[in-house]
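The numbers here are math on the coordinates, done by the rules we state, and not lab data. Please read all numbers here as calculations on a predicted model, not as lab measurements. No Cβ is skipped: glycine too gets one built from the backbone with ideal geometry, and neighbour counts run over all protein chains shown.
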Amino acid sequence: MTHVYLQSMGVVSALGLGAAAMRDNLFATRAGGVVETDRYTPGRPLHLGVLPAHVPPLTGAPARQRSRNNAVLSAALAEVRPAVDAAIARFGPARVAIVLGVSTAGVEEGERASRLWQQEGRWPDGFDYALQEMGNAAEWLSRELGVCGPAHVISTACSSGAKALASGARLLRAGLVDAVVAGGVDALCEFTIAGFSALESVSAARCNPMSANRSGINIGEGAALFLMGRDPGPVHLAGWGEGSDAHHMSAPDPSGRGAVHVMQQALARAGLDAAAVDYVNLHGTATPLNDAMESGAVAQVLGTAVAASSTKPLTGHALAAAGAIEAAIGWMTLVDNPTGRLPPHWWDGARDPALPPLHLVAPGETLGRAPRHVLSNSFAFGGSNAALLLGAA
């Protein structure tokens, strides 16, 4: 069996620009990341996972690719670029693939263009509707890196970033390519926040996963990219699971059967039993239905003793990028972590008696040893579910 490794990683999120900054804030004993702002909802402050600093615009790119979404992707690329360039030089541009999870593309630019049309009856000079096309990010990244291997995006809402890594692994196992740049990106925009607000799923306060008082999500933004290959790297993509419930357009199947299925797939593909999992990064959106479904599914597959947390109170829910960003959090948990520091679960501590009593990680909690395996869950609209099982190489 061909083993697949995550050889290098770059990430930007509300917790920090770059892996080092994000790692420091992830394991801090004070909750950071998500901030209160009305930038996208004037007069209605919300807690959002906005990037903590400006990302430079892509002034050198073609106009059709100069979206903020691609600029956020570029910020994550900077960290992984040396390793990617080395892989291209080694294998050739036709043997390097790109797979990205995307949902917003250039919607922010489309919003600005639409406002100008409404106000003045014209489109901005040079505006290209292709900015909003989902494949735009893969097109920009291919051009930026100078590669001509397979390049595509996956847009399955909140499971997109996780499914991109699974897709990259299949390309490698099939021998179609020798390296894959895989991950996810999403930039904040008014459209996304308005859509989730219409579903009554947005919390104005910092989200409160697994609490009896949970009331919805915080939308976030960010990107994570991995160089994937067959040569050993710091993290092994030991297993993954994917499924589609088709239960409801936006609500999860309350039985959790689909979530159970993908977690069991990931374990079976890795050849591991449940006891091998040291930590679970929960999808943990802090919506009533998701948390009820996921806690039951985790309890069924892994029991209630395994350490678990949702990191969305820190990063916000970065939608198509969430699975990739949380895989990066899994990397941080596995690599250079001899005492087993665990990502804390930030909440009010009010347990919901209707939910299984999961072992939710307290700030400062450690395993007392280096972790070996981390499971990361991503559950999306339409029941598009994914689970990634990462192992220390």
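Some notes on this structure:
- Binning all Cα-Cα separations of the chain at 20 Å, short to long from zero, yields these whole-percent fractions: 31, 59, 10, 0.
- Since only 379, 42, 288 are under comparison, the one whose Cα sits farthest along the positive direction of the charge dipole of the range 5-392, derived from C-beta charges on Lys, Arg, Asp and Glu, is 379.
- Relative contact order %, the range 224-333, counting alpha carbon pairs below 8 Å whose residues are six or more apart: 29 percent
- Fraction of beta bridges assigned by DSSP in the chain that are antiparallel (%, nearest 5): 65 percent
- Dividing the summed helix terms, -39500 (n - 2.57) for each DSSP H run of n ≥ 4, by the number of residues in the chain produces a 222 nm estimate of -10000 deg cm²/dmol to the nearest 500.
- Between the range 121-155 and the range 274-306, the Cα center-to-center distance that results, in Å: 36 Å
- Net charge in the neighbourhood of residue 215 (other residues with Cβ under 14 Å of its Cβ; Lys, Arg +1, Asp, Glu -1) is -1.
- For the chain, the relative contact order is 23 percent, taking Cα pairs closer than 8 Å that sit 6 or more residues apart in sequence and dividing their mean separation by the residue count.
- Sorted ascending by nearby beta carbons within 10 Å, beginning with the fewest, 378, 197 become 197, 378.
- Shape of the range 38-107 from the C-alpha gyration tensor: prolate (a/c of 1.5 or more and a/b above b/c, with a ≥ b ≥ c the square roots of its eigenvalues).
- Magnitude of the charge dipole, the range 1-75, Cβ model with Lys/Arg +1 and Asp/Glu -1, debye to 20: 220 debye
- Helical segments meeting 30 Å axial Cα length and Kyte-Doolittle -0.5 threshold in the chain (DSSP H): 68-91
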